[in-house]
Structure formats: C-alpha cells, structure tokens
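The values are calculated or read from the model by the stated rules, or taken from the named source; none is laboratory data. Predicted model, so just to flag it, every value in this text is computed and none were measured. With ideal geometry, Cβ positions are generated from the backbone for all residues, glycine too; neighbour counts draw on all protein chains shown. What goes into the accessible areas is simple: the full protein's heavy atoms, side chains included, and nothing from ligands, DNA or RNA. Shrake-Rupley method; radii C 1.70, N 1.55, O 1.52, S 1.80 Å.
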Amino acid sequence: MIPFEYRRADDVSAAVDTVARNPTASFLGGGTNLVDHLKLGVATPEHLVDVSRLPLDDIEPGPDGGLRIGATARNSDTAADPDVRSRYPVLAEALLSGASGQLRNLATVGGNLLQRTRCAYFQDVTTPCNKREPGTGCSALEGYQRYHAILGASRHCVATHPSDMAVAMVALDATVHVQGPNGSRSLPAEELHRLPGDEPERDTVLEHGELITAVELPPLPFAANSAYRKVRDRASYAFALVSVAAALDVDDAGTVRDVRIAFGGLAHKPWRAHRAEAALRGGPATDDRAARAAEAELENAEPLAGNAFKIPMARGALTATLRRLSPLPTTR
Amino acid sequence: MTSTVAGRTTAATANGVGSSPARPDGTRKVRGEFAYSSDLWHEDMLWGATLRSPHPHARITGVDVSAAVAVPGVHAVLTHGDVPGLNRYGLEHPDQPVLADDVVRYRGEPVAVVAADHPETAQRAMKLIEVTYDELEPVTDAEDAVHGDVAELHPGGNVVRHAPIRRGEQTPQADVVVTGRYEVGMQDQAFLGPESGLAVPDGHGGVDLYVATQWLHVDQQQIVAALGLTPEQVRLTLAGVGGAFGGREDLSMQIHASLLALYTGKPVKMVYNREESFYGHVHRHPATMYYEHGATRDGRLVHVTARIYLDGGAYASSTGAVVGNAATLGVGPYDVPNVSIDCWGTYTNNPPCGAMRGFGAVQAAFGYESQMDKLADACGLSPTEIRRRNAMSEGTVMPTGQTVDSAAPVAELLDRLEGMPLPQPGSTADLRTLPGGVSNTTHGEGVVRGVGYAVGIKNICFSEGFDDYSTARVRLAAVGGQPAVTVQTAAAEVGQGLVTILQQIIRTELGVEQVTILPMDTSIGSAGSTSASRQSYMTGGAVRAAALKVRGALLSHAATRLSRTTAELHLDGGKLASVADGVLADLVDVLGEAEFDETVEWRHRPTEALDPETGRGNAHVQYGFAAHRAVVDVDTELGLVKVVSLDCVQDVGKALNPQAVVGQIQGGSAQGLGLAVMEEIQTEGGVIRNPSFTDYLIPTVLDMPPMNIDVLELADPHAPYGLRGVGEPPTISSTPAIVAAIRAATGKELLRVPVRPDHIV
C-alpha cells in the first residue's frame, strides 16, 4: 500500500477546492470501490478527501415536482425511500440488485455513479490496460470477454460500466448536479458517462475536482410503472451480464404512448436505448415488438468472441421487462 | 442402552456414538470468539510477505534484493540461495521449489520472502525486489502437454501419471453406442480462512510452527527436508482452521515462515489476503474427458471406453492419486464387463492443482453420468431405469478386479430418491423461488422445469497400497473428583467436527462424560491427512482402539481389586457395573490415583498398488455412495437457472453423529451445485482472472435450495462401528444431477461445467 493523506471535508467548496488544486487528490465517498482500488494498486491517490459526511444526503421533492437525491445519500436509504419506491420503482429495484446489504449501507449515490469498471485487466496491475495506463493496450481484446461491451466500444477499450443504479437514472432522464472550482453546472445523466473512444482513462465528462452534489429525477408520472431486471451468474452479489431499466406508458387501447429504456452491461456507459424506444412508441407492447425493438437497438452491436450471447440475452431481458410492465395479455 | 461390539459388552453414556451433542468449538465459532490461525500473535513478531512470479513461465535471469533490504524495519529478504536444505517440496514428488531458482512455472510462484516489523513495511520492501525474467511460452493445454510438441516443464516430461484400466474385451461390439466430450472447469475450495501461521524460533536452531493445515506430519517432513533439520527440531501445532476441502493439504507459508523465523531469530507471522490465497493453494483439476458407452438394446452396459485428461498445473501435488481415483472410479457405480480407461495427469503452466473434496471422482462423475443419461435416451429408458439396470451392488467386481465386499446400495438409493415427493410448481409470489431470484428477471413466464438424477462413487481412506494409519493416545484418570479422559492425536480438525466425534467415541467406550481433546500437534505420531473422507474411520478407529486398551487395563485393575472377572464388568455412566449385580462402584473410586494411558497406531486393512499396465489391483479399502435428484426451473429467455430442490440419499454405514452427517451432505451438495452452475477459476494463458470472492462466484443462500436428505446405515463390517466416510460422496453426484435437470428443461447438450446463462440462451 502507498501512504496517503486523509482529510474529512467539512463543506462542499472546501472539498472541491482541495481536490481541484491537487492533481493527486481524490474524493472518497462510501469507499466501496476506491478502497478496493487502493488495495489493488489500481488507484494511487496521495490525498483523499472524504466527502461522505457532507450534508448532501437529503432526498426531497425537486422544484419542478421531481425528486432530488443528495449525492451522499446511501444506496440503502435511497432504495428504501418511499418516494423512490412508489414513483420510481426502477431505481429502487436497480439499487437493491447491486452488491450486498453491507455495501449498499456504505455506498453513496455520487460514488455509485463514478464506480469504475470490473474489467479483470483494469483491476490487474500486471496487465496492459488503456483505462488504467493509457497507451499500454487493451488486454481484453484478446482475453476474457464475458463481462465486456458489445456497443460503443473502441479498439482502445471494451470495458463496461458496472453500476445498476446509473442505468435506472439514465432511463429516467435524471439530471446530475455538479460543483466544480468554477462554479456549479448540471448535465443529463445520459451525458455523464463517456464512450471510451481513444481516451478510455476518462469514464465521465467531469473535470478533476468536480464533485457530484445531487441527482434530480424529473417528474415522470409513468415511471411509477417501471422495473429493473438484471441477468447475472448467481442470484445475488454478482455484476450484470445484461440489465434493463424500463418505464412504460400504455393507453387504454394497449398502445405505447411513451417508454424509457436503458441497458446495463452492454457498454462503457449505461446505454440509453433511443432506437428501441422509437420502435415501440405508437404500437402495441407485444413480445414481438419488444424483441424487434431490442434488435433495432442492437443492430450495430459488435460482440467480441466471448460475449455474443449478450445479444439474445439483451433481447430476452427487454422482452421480459416490458411484458411485466404491459397490461396486455402475454402473446408469447 | 447397551450394545455388543467385537464380542465385548460396551456401555453408552449420554452423548455417545449415534447422538448429536454440541460441538466443543461450536459456541465459540458462532460467537466469533474462536481463534483462527490468522489471529495468532506473539510479542516482537515480524510479518512475512511473499514475492510471487507475475509470469506463468519464465526464466529468472537476476534477482536484486538490495533496495528491499535497505528499507528500515526490514529484517530479512530471502531467496532460493537461503534455503539451507533441499529447495524442493511436494506431497507425492518433491518437484516444487521453496523459492524459485532458475525457472518459474506458474503465475504466483514464490520467488522471495520478506520479514519486516509491520505488514505494510514487508509489502513495500517486497515491491522493491528487482527480479528480471526471460518470459517463456506457457504450456496451458493438458492434452497438448501429453501428446503435443510443447516444452518439457520438468525432467521426464509433462506426464505426472498415466493410469490405464483394462478389463475384459478391448474391442467389444454393442447394439447402442453413445459418445461425448466433457469438460470440467477449475474449481476452488473457497475456504474462508486464508492461509496463515506463526513460526517461533526456539533459540536452539529449531522452530515451533502454529499453522492451519490438513496433515501436520507430512507438512513436517517437507519442512524438515527444506530446512535441513531433524523432525525433533521442527514441531507443528494445529492452529484454528477456517475450512480446508483439500486446499491445505499442500504447503503454503509453512517453510517460508519457518525460514524467516530461523534467519531473523524472531517469531514470524504470515497471512495471505484473498487474492494471494488463490495463488497460494492448489485447485480442483480441470478435466477434458472423452467417453464411449456401449450397451445392449435393453440398456445393459457392454463397455466403457474413456480418455481422461486432468490438468495438474505447474507442480505434481497430489495429481498422481487424483489420476488413480478418476481412472479406477471412471465408470461410476455400475457393473461394466469391458472397460478401457486411460487417465493422464499432466504438468502445464496453469495454477497447480491437487486435492479437493471428491478428488478425481468429481470430474469422472460428470462424464459418466452425462453418458448414462445419453444412453438412457438412446435406449428409450428413463434415467433411473438405465442406472438401476446397471447398478453395482455388494459382490460386484470393479474394473480393477476388486470385489466390492460391503454394501453398495446403488439401486436402493435411486428407489428412495424416486420415492421422495417432488416439489410443487413454483409460486410466483416469492421471487426467491424463481430463476434469477430477487434480480427480478422473471415472474414465472418462460420458465421450464426439469428433473435430473445422478449417482456417484468414492473411495474412502487412502488407496493403492499407501500405509494408511492414525495414532491416538487415550488417558483416563480421576480429575477433581470426576473420571476424565484426554485424547491426543495429530488429526486436523478443519471444521468438519472430528473433535466432537472423538469425544462421542470415548463416551461410548469408557462411559465417561468428560472428554478433553488436546491440541493437535506433532508430539504424537501421524494421524494422516484430514482428507479422503477418512478421519472418522482412521482417527476414530485409532481412538476407539486406544480406548478399548484403556478399558481392558481398567477392568483388569478393577477385577483384581473386586475379585471379579473382567468378563462380567462393564462401564456405564461413570460407574463400574457387573451384568449380574448392577452398579458396583463409582468409576472415580475405582480409579483412585491410578492412571490408564494407552497409545495405539491403527491401520485399515491393506490395499494394493494398481498394475501399471492393466490397472488391476485391490486398490481401495472402502467405497461410499450417494445419489441426488435435482429439480430446476430454467428461465429459457435469459438462461437463468434456479435449483428448486436437491434431494440426496447416501449410505453412511453408521451415522456416528447424525447432525454432522446431514451437515456434510448439505455442504457437499452445495459445493457440487457451485461447480454445476457458477464456480470456476477463469484462467487465460496460465493467469487467474478472477482471484476474489466478488469475481469467483460461490453459491449463496439464495442459490441453494432446501434439501430432503435420507441417510442409510448399512454397516461395513470392516470399519469401526460399520461407518462409511461421509464427506466426499455428496459433492460428486450433486453436479451431474443438476446438469441433467437443466438438460431435461432445455434440451441443450451442456457438455461443460459450470453451466452459465450463455450456454442456455
């Protein structure tokens, strides 16, 4: 282990200032990811600024009738929040499908958004990895690819984003509030995470020193009819092979008025499925149309040798999720 | 209650054989107060760390430790040149360097060790050791290692052992022939307590080592050879063991810590973290198996032909014995007139593989049981019917020519399984009962149910002519006004509950309630390994034999004092009694100041080596059998499997402790479930890709269903109390039963375990 300085932040601006001024400093949230990386040698910050006790843990109605979730709200608390459970069940389900109870008690909303990939090569400091050490190469291209991307990857990186929560937030059109050395800004959750391109070391568009302070969910009445499904190798405590977050609005005739879909486990970022949404709007929410919507979304998928199974799995996951949300009788 | 054993009247005190008393270590373990080896502590102790090879195959061209030695707080940095004795160790062949000298053969092989005043100091110093390597092409395929044109990793080639088994006609004709190629992934023992121990120098050139292990004396032999010391100078005591399952049969930190302790003159503690633990112990051999089964039209086996390749990884470990098991048990619990099996165990540059619960029988069972289902299909029979038609029984002759001379109730196991009620169709109300569980993957739609059966066979105790024995000392005296017994053995308690069993045996044989099991150490003779399902049989047998000697001496003493014959006396509930007159005296009064102290070295009946050409020989001392029925629900849309029920019938000869028997069956079945659907060490070019419990998946309570368990007690007349080893058989049939059920649900071939969602969608 490498020695580092630890400081507990008292207020947001001081925390931002401390990290922004020092390129070797990092924010520390619940520590459920960064501490692992310190142990593995993946992350080597010299200064840790603990933001987990900043007074940012409120979950309260937003100004426009949505819901504002503070960045230091713990995953367990967010999942248990009555508004989250009733108005945005997809988010509660996504949170509860992640990690274990103990980890969820520590993990924060802000930290979860910034969770780094579980790619085996990223975590193994003895192997080349462009995300960890830019320019060294991508070991996964010729390696173990089971958990890797089939959408939006580059020849520099085929890693996937591991968060479940972020997939739900992207589906819900959430807004991420950020404070940085030059003031605050807001951006859509969908734009927070990047595709790897030729800079896979950058997971998000945030600049060094920018701190997530809150996530705001818009008022989206039909989000009450939403769900998260996660396909994985064991029943709990495992990362997604494929996951789906969806919210569905169907009229009395069974026609899809509106729909929100995002996939996890397929890309370097939570994958908002705009093509699938467009394919579904205006027609009945049948299994058949759901499968075709998935296929439209996955048309440009470029699976690796070791993860082509994700295409039928994603199709099946979307179909199953929409079936649950649809009032139509099953038409399998 | 009295019973007659070997012609002598014995007494059963409460909590004797056949009951399920509380474990002496149970409360402390549940309360978190039990001291495991990682809790060891000594004033002034140093912390050891191990530098391991980052390459699966490389030549070492230079090692520079100067920067590491210069770190303040570092007391020693040692490399192969500092090993005073033989720089090789190994369970069967001393082929593994204590510290690598010229070549490293697997990623994670120890190259240097450091002792420092703080674990972080040791880690930091370790990273300053400069090792230069010339990387070599790794050999990573077991079949290539045997037949291919690849580098020889050890003198004499890459075959650790080839075991052929030949019986009957070698070119038989059968009406129905089915073939298959099957693979078993590399499973980990996944014990919870990582490798750890404390070496304390004695100031006279010797060392005391406290360590979590499975076989103190074989550890001692290997340490002694590496340190160039005598057994009297290297004394081992068992520290608290957090699970083993075979993974502690090979050495890990034992020699390293002893070496550092002797070099620095200070106690040295070593504890692996979870990642290092994956590099620090052997795993279950991955297998590739080619099977051909021939049968008559009505489903009676004519022949089995098989080639089995077991990847032993970089060093031999127990590969030879694993090969012997896979070969001799390669047709399963069936009567097969014509057999031709070839089993190879190989060297590669993969992680070393060795002992794990089931030991060769697990791999073969996935092959032969998959084949039996295929044959059932081809013959138009049910999976249970084809097994019944070919089931072995007492008197069956094994492919080795050995006659099975005690109960082999294969057909009865199947009958009883079939008689158990099947689970009701899943309720969609409780997500936990559905594939994917609380991941919310299905609410019941698209779910198909399947049922599968499997039977397994395992040899109990050490085989192939090994001089298998255990040593026990039993001492009876009055302590504080009560009769009390102390039991001393070197048998490793690894969590299985042997300490409870030994107490029960004493209570039954001597009628004394208060029994103390002394710490296990090398001040007494070997007990053999806690493996091969053998300790109840072997150390139980030795303790019983020593107790009988104590009883004989005590009754002679009493008979003289009371002017009676020994034949009329017996012990019961702390009393001396006669058949005719009932209680004669309190045992404590009979004892007075006397002390009865007996040590026995106890053996099972001898076994024979296998003929190297034909595989013939009475190689095994006892066979154990278990059968499973698995019921699975498969979400065919997403490829997810929920094992709904996993029922087991096992013959245990005699349940010395019924609760412990059920625990073994549940645990073994869960380990088999893990291999069936999730557990695999992912290796790539010899490198482990998932060395953590986040990425190496073991079943949780949400994956493991409740079990119906039926225990048969068909006594083996050759074994103490008629018992049959319990620990391994349930691991063997669990895996193929689950896979058979998934096949039944999906129609997929499923030729490899673990079965993953991507094999089903």
Within segment A:99-116, residues at pLDDT 95 or above and within 12 Å of another protein chain (Cβ to nearest Cβ) come out as A:Leu103
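Going residue by residue through segment B:213-228, is there one that turns out to be assigned to a loop (DSSP other than H, G, I, E, B) and either over 30 Å from B:Lys29 (Cβ atoms) or open to solvent by 20 Å² or more (accessible area, probe 1.4 Å) (or both)?
Step one: list which residues in segment B:213-228 are assigned to a loop (DSSP other than H, G, I, E, B), which gives B:213-214, B:228.
Adding the requirement that they be either over 30 Å from B:Lys29 (Cβ atoms) or open to solvent by 20 Å² or more (accessible area, probe 1.4 Å) (or both) leaves B:228.
Within segment B:213-228, one or more residues are assigned to a loop (DSSP other than H, G, I, E, B) and either over 30 Å from B:Lys29 (Cβ atoms) or open to solvent by 20 Å² or more (accessible area, probe 1.4 Å) (or both).
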Counting only strands (runs of 3 or more DSSP E) wholly inside segment A:1-115, the ones holding at least 1 residues that are without any contact (Cβ under 8 Å) to a residue 60 or more places away in the chain are A:5-8, A:25-28, A:47-50, A:59-61
Condition met for B:Pro706 (away from every other protein chain (no Cβ under 14 Å) and in a loop (DSSP other than H, G, I, E, B))
yes
Scan segment B:643-652 and tell me whether some residue there is within 14 Å of another protein chain (Cβ to nearest Cβ) and over 23 Å from the mean Cα position of the chain (by Cα).
yes
Given the conditions (1) hydroxyl-bearing (Ser, Thr, Tyr); (2) closer than 24 Å to B:Ala745 by Cβ; (3) at pLDDT below 95, every one holds for B:Thr694 apart from (2)
Lone unmet requirement of (1) modelled with pLDDT of 95 or more; (2) surrounded by fewer than 19 Cβ atoms within 10 Å (Cβ to Cβ) for A:Arg315:
(2)
Apart from one, (1) within 14 Å of another protein chain (Cβ to nearest Cβ); (2) part of a loop (DSSP other than H, G, I, E, B) all hold for B:Glu275; the odd one out is (2)
Lone unmet requirement of (1) buried (at least 24 other Cβ atoms within 10 Å of the Cβ); (2) more than 26 Å from B:Met45 (Cα to Cα) for B:Ala122:
(2)
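Can you go through B:Val726, B:Val739 and tell me which one is part of a loop (DSSP other than H, G, I, E, B) and either in the same structural domain as B:Gln622 (by TED's automatic domain parsing) or crowded, with 24+ Cβ neighbours inside 10 Å (or both)?
Criteria check complete, one pass: B:Val726.
I'd like the full set of residues that are within 14 Å of chain B (Cβ to nearest Cβ) and either touching a strand residue (DSSP E or B) at 6+ places or on another chain (Cβ under 9 Å) or surrounded by 15 or more Cβ atoms within 10 Å (Cβ to Cβ) (or both), limited to segment A:280-305.
As a first pass, look at segment A:280-305 and keep what is within 14 Å of chain B (Cβ to nearest Cβ): A:286-288, A:290-291, A:294, A:298, A:303-305.
Across segment A:280-305, the qualifying residues are A:Thr286, A:Asp287, A:Ala290, A:Ala291, A:Ala294, A:Leu298, A:Pro303, A:Leu304.
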Which one of these does B:Asp716 not meet: (1) under 21 Å from the mean Cα position of the chain (by Cα); (2) crowded, with 24+ Cβ neighbours inside 10 Å; (3) closer than 26 Å to B:Ile501 by Cβ?
(1)
Qualifying residues in segment B:654-703 (those that are over 21 Å from B:Tyr106 (Cβ atoms) and of a type in the set (D, E, K, R)) - the one farthest from the other protein chains (Cβ to nearest Cβ)
B:Lys654
Identify, by number, the condition in (1) within 30 Å of B:Thr171 (Cβ to Cβ); (2) under 25 Å from the mean Cα position of the chain (by Cα) that B:Val397 doesn't meet.
(2)
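Taking A:Glu277, is it closer than 24 Å to A:Pro162 by Cβ and away from every other protein chain (no Cβ under 12 Å)?
Details: closer than 24 Å to A:Pro162 by Cβ: yes; away from every other protein chain (no Cβ under 12 Å): yes.
Considered against the rule, which asks whether it is closer than 24 Å to A:Pro162 by Cβ and away from every other protein chain (no Cβ under 12 Å), A:Glu277 comes out as yes.
Please verify whether B:Ala477 is buried (at least 24 other Cβ atoms within 10 Å of the Cβ) and either touching a strand residue (DSSP E or B) at 6+ places or on another chain (Cβ under 8 Å) or within 14 Å of another protein chain (Cβ to nearest Cβ) (or both), treating the condition exactly as stated. Break it down into steps so the answer makes sense when it comes.
Working: buried (at least 24 other Cβ atoms within 10 Å of the Cβ): no; either touching a strand residue (DSSP E or B) at 6+ places or on another chain (Cβ under 8 Å) or within 14 Å of another protein chain (Cβ to nearest Cβ) (or both): yes.
Answer is no for this residue.
Based on what the data block shows, is B:Ala112 open to solvent by less than 30 Å² (accessible area, probe 1.4 Å), modelled with pLDDT of 95 or more, assigned to a strand (DSSP E or B) and touching a Ser or Thr at 6+ places or on another chain (Cβ under 7 Å)? Spell out the reasoning first.
Values: open to solvent by less than 30 Å² (accessible area, probe 1.4 Å): yes; modelled with pLDDT of 95 or more: yes; assigned to a strand (DSSP E or B): yes; touching a Ser or Thr at 6+ places or on another chain (Cβ under 7 Å): yes.
Taking the combined requirement at face value, the residue satisfies it.
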When the residues of segment A:225-274 are filtered to those that are part of a loop (DSSP other than H, G, I, E, B) and over 30 Å from B:Phe693 (Cα atoms), which remaining residue is nearest to the other protein chains (Cβ to nearest Cβ)?
A:Asn225
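Suppose we filter B:Asp250, B:Asp208 for residues that are surrounded by fewer than 21 Cβ atoms within 10 Å (Cβ to Cβ) and at pLDDT 95 or above; which single one remains?
Numbers: B:Asp250 fails: surrounded by fewer than 21 Cβ atoms within 10 Å (Cβ to Cβ).
Answer to the selection: B:Asp208.
When the residues of segment B:713-761 are narrowed to those that are under 19 Å from B:Ala287 (Cα atoms) and among the acidic types (Asp, Glu), which ends up farthest from the other protein chains (Cβ to nearest Cβ)?
Filtering segment B:713-761 for residues under 19 Å from B:Ala287 (Cα atoms) gives B:728-729, B:731-740, B:749-756, B:759.
So of that shortlist, the ones also among the acidic types (Asp, Glu) come out as B:728, B:749.
On the way: B:Glu728: 24, B:Glu749: 16 Å.
Here the answer is B:Glu728.
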Scan segment B:742-761 for residues that are outside any loop (DSSP other than H, G, I, E, B), modelled with pLDDT under 95 and buried (at least 21 other Cβ atoms within 10 Å of the Cβ) and report the count.
2
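Filter segment A:91-123 down to residues that are in contact with a Leu (Cβ under 6 Å, 6 or more places away or on another chain) and over 24 Å from A:Arg202 (Cα atoms), then give me how many there are.
Of segment A:91-123, the ones in contact with a Leu (Cβ under 6 Å, 6 or more places away or on another chain) are A:123.
Imposing the further condition that a residue be over 24 Å from A:Arg202 (Cα atoms) reduces the set to none.
Going through segment A:91-123 one residue at a time, the tally reaches 0.
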Pairs where the first residue, in segment A:308-323, is closer than 13 Å to B:Gly446 by Cα and without any contact (Cβ under 8 Å) to a residue 60 or more places away in the chain and the second is hydroxyl-bearing (Ser, Thr, Tyr) and surrounded by fewer than 21 Cβ atoms within 10 Å (Cβ to Cβ), C-beta under 7 Å, 6+ apart
A:Arg323/A:Thr330
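If you take the residues in segment A:117-132 that are more than 12 Å from every other protein chain (Cβ to nearest Cβ) and in a loop (DSSP other than H, G, I, E, B), which one is most open to solvent (accessible area, probe 1.4 Å)?
The qualifying residue most open to solvent (accessible area, probe 1.4 Å) is A:Pro128.
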The one condition B:Leu192 fails out of (1) closer than 30 Å to B:Val677 by Cα; (2) open to solvent by 70 Å² or more (accessible area, probe 1.4 Å); (3) outside any loop (DSSP other than H, G, I, E, B) is (3)
Quickly run through segment B:53-105 and pick out the residues that are open to solvent by 20 Å² or more (accessible area, probe 1.4 Å) and assigned to a helix (DSSP H, G or I).
B:Ser66, B:Ala67, B:Val69, B:His80, B:Gly81, B:Asp82
Restricting attention to segment A:80-94, which residues are more than 12 Å from every other protein chain (Cβ to nearest Cβ), closer than 27 Å to B:Leu697 by Cβ and either in contact with an Asp or Glu (Cβ under 8 Å, 6 or more places away or on another chain) or basic (Lys, Arg) (or both)?
none
For the condition within 29 Å of the chain's Cα centre (by Cα), of a type in the set (Gly, Ala, Ser) and within 13 Å of chain A (Cβ to nearest Cβ), what is the one hit in B:Gly90, B:Gly108?
B:Gly108
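Return yes when B:Asp64 is closer than 27 Å to B:Thr683 by Cα and touching a residue at least 12 places away in the same chain (Cβ under 8 Å) and no when it is not. Please lay out each step first, then the result.
Values: closer than 27 Å to B:Thr683 by Cα: no; touching a residue at least 12 places away in the same chain (Cβ under 8 Å): yes.
No; evaluated as a whole, the condition is false for this residue.
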